[in-house]
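So the structure is just underneath, and the comments pick up after that.
We did not get these values from a lab; they are worked out from the coordinates using the rules stated. Because the structure is predicted, anything quoted here is derived from the model rather than measured. Neighbour counts run over all protein chains shown; Cβ positions are idealised from the backbone, glycine included.
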Amino acid sequence: MDQIIVTGNGALSGQIPIAGAKNACLTLMPATLLSEEPLTLTNAPRLSDIQTMTALLQSLGAEVTSLQDGQVIAMSSHAIDNHTAHYDIVRKMRASILVLGPMLAREGHAVVSLPGGCAIGARPVDLHLKALEAMGAELELKDGYVHACAPGGLKGGVVAFPFVSVGATENALMAATLAKGTTVLKNAAKEPEIVDLAQCLRKMGAQIDGEGTETITIQGVDRLHGATHPVVTDRIELGTYMLAPAIAGGEVELVGGRRDLVEAFCQKLEATGVHINETDAGLKVSRNGNGIQAVDVTTEPFPGFPTDLQAQMMALLCTADGVSVLEEQIFENRFMHAPELMRMGAQIDVHGGTATVTGVPRLKGAPVMATDLRASVSLILAGLAAEGETVVSRVYHLDRGYEHVVGKLKGVGALIERVRET
């Protein structure tokens with residue numbers, strides 16, 4: 001098993017290219033199941049989760065080919081010859097549930113294992129299932145699998161989500177494109193990944209209106225055709241690397257970065273005293289000479305502060321001047337990185353969904369363990385500001401969401417290396 005060793009080395013300088021969004025790509029890939037014609041994605045991230053989704057789609061009969069060093073994914077689902085998404089693949093990643101809606105819509109039946117992924121909360125799939133039931137699906141949970149059928153095809157309906165769910169919105173959106181009649185999704189998620197999916201589906205011939213708002217209307221069509229679509233910039237990778245110069249000092253340009261994808265995050269980062277400037281290539285981030293100021297953060301659905309940047313923001317606030325309060329409103333169990341940061345000298349008090357962080361002058365390097373995807377990178381960021389050497393174990397989580405993290409940080413002057421655990 002690999003470890004990542006980080007040594008605090010002062011200011012960073014240079015450019016970091018931002019990849020396509022993992023969460024967008026994992027949603028776009030199942031869309032190939034909606035059409036017999038090819039779907040090609042460009043600007044794809046090179047991550048283990050993408051490999052897992054590739055294996056899942058191939059197990060269903062799709063042809064999936066990685067081109068241009070993995071940055072292009074060419075897919076064709078002209079012959080779906082298996083309608084069961086088995087546990088041995090699905091257990092690795094919660095996004096696997098996103099094959100349910102497309103298969104049900106096109107084939108009229110599907111069997112999908114209940115999914116796995118990072119242990120950051122329950123994240124039940126009941127909203128996915130209720131949305132499909134609102135479109136006429138007949139569902140049964142049996143032996144850990146969802147057995148779904150729609151003998152006469154899915155039918156348009158009104159889906160009113162009791163609370164915002166990105167995954168359920170995505171599943172319902174894809175399924176509704178081939179449903180008979182009009183489907184209205186109320187209290188829909190507004191995330192950029194939803195907008196990206198809708199834009200791709202529209203290129204495939206879907207009739208969709210209202211993506212990016214709380215009400216999305218889909219007029220079902222008989223069939224979808226092929227398309228080529230670029231994956232939107234990864235806003236979580238963008239925010240993560242924006243924090244690197246904020247934590248370590250210096251100035252870094254994030255190539256491909258867009259402020260509109262992370263506006264709420266940018267506002268909080270600027271409130272700490274960090275400078276953010278838009279450039280022709282992306283965003284440039286620099287730390288001023290007055291230190292980091294404490295801020296309070298509450299995670300919310302888009303366009304609010306992303307839950308997927310909470311752990312990384314906590315790493316920054318560990319050395320802020322003053323006391324910061326972070327409130328996690330999206331997932332329970334999402335402060336598992338706090339005890340590891342405390343091993344580095346951070347002062348953090350967690351009560352339920354609230355963490356109070358009292359800034360300290362300097363963190364100290366220590367052996368720490370990653371507990372989930374975003375926690376793993378928060379520990380690496382903390383290591384950039386720590387005195388001495390930080391050794392991060394269980395970094396396999398990292399490979400699910402960040403491509404070439406060691407190379408990207410090395411490129412701006414960080415002392416970081418990946419080694420085999422002895």
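Structural remarks
- Fluctuation leader among 336, 75, 242 - the chain, Gaussian network, Cα springs under 10 angstrom: 336
- Helix 235-248 axis, angle to the chain major axis (alpha carbon atoms, nearest 10°): 0
- Charge dipole (segment 22-230, unit charges on Cβ, about Cα centre) - positive-most of 73, 42, 23: 23
- Cβ-based charge dipole, segment 249-302, positive-most Cα from 286, 266, 297: 286
- Residue 84-residue 126 FRET efficiency (beta carbon distance; Förster radius 22 Å; 0.05 resolution): 0.60
- Near residue 183: Cβ cut-off under 14 Å, other residues only, Lys/Arg at +1 and Asp/Glu at -1. The net charge is 0.
- Helix 166-176 and the longest principal axis of the C-alpha atoms of the chain enclose an angle of approximately 20°.
- Pairs of Cα atoms nearer than 8 Å and 6+ residues apart set the relative contact order; for the chain it is 21 percent.
- Members of 22/410; 22/408; 92/410; 130/190 lying beyond 27 Å, as alpha-carbon distances in this model show: 92/410
- Between helix 48-59 and the chain there is an angle of about 10 degrees, using the helix long axis and the longest principal axis of the Cα atoms.
- Reported value for segment 252-328: 83 Å³ per residue, from the convex hull of its C-alpha atoms.
- log10 of Debye I(q)/I(0), alpha-carbon scatterers only, for segment 22-230 at 0.09, 0.19 Å⁻¹: -0.28, -1.49
- Computed about its Cα centre, the charge dipole of the chain is approximately 220 debye, with only Lys, Arg, Asp and Glu carrying charge at their Cβ.
- Of all DSSP bridge pairs formed entirely within the chain, close to 70 percent run antiparallel.
- Residue separation of residue 342 and residue 251 scaled by 0.36 nm, minus their Cα-Cα distance, works out to 30.0 nm of gained length.
- Selected from 379, 336, 397, residue furthest toward positive end of dipole (segment 333-422; charges at beta carbon): 397
- Taking 1.306 mPa s as the viscosity and 10 °C as the temperature, the Stokes-Einstein diffusion coefficient of the chain based on its alpha-carbon Kirkwood radius rounds to 73 µm²/s.
- Taking segment 324-351 and a reference point 7 angstrom along Cα→Cβ of residue 300, the backbone N atoms nearer than 17 Å belong to 325-331.
- Neighbourhood net charge (12 Å Cβ-Cβ; Lys/Arg +1, Asp/Glu -1) for residue 211: -4
- Calculated FRET value between residue 186 and residue 260, using beta carbons and R₀ = 30 Å, to 0.05: 0.75
- The trypsin sites (Lys or Arg not before Pro) found in segment 218-266 that occupy coil by DSSP, while having at most 13 further C-beta atoms within 10 Å, are 223.
- Gap separating the Cα centres of segment 339-415 and segment 170-246, nearest whole Å: 32
- Expected 222 nm ellipticity per residue - DSSP helices of 4 or more, -39500 (n - 2.57), all of the chain, to 500: -8000 deg cm²/dmol
- Within the same chain, aspartates and glutamates fewer than 8 places from residue 155 are excluded, and of the rest, those with a Cα less than 15 Å from its Cα are 107, 133, 138, 222.
- Radius of gyration (Cα atoms) of segment 119-236, expressed as a multiple of 2.2 N^0.38 Å: 1.06.
- FRET efficiency for residue 362 and residue 15, using Cβ-Cβ distance with R0 set to 22 Å, rounded to 0.05: 0.20
- Overall form of segment 302-415 per C-alpha gyration tensor (a/c, 1.5; a/b vs b/c): oblate
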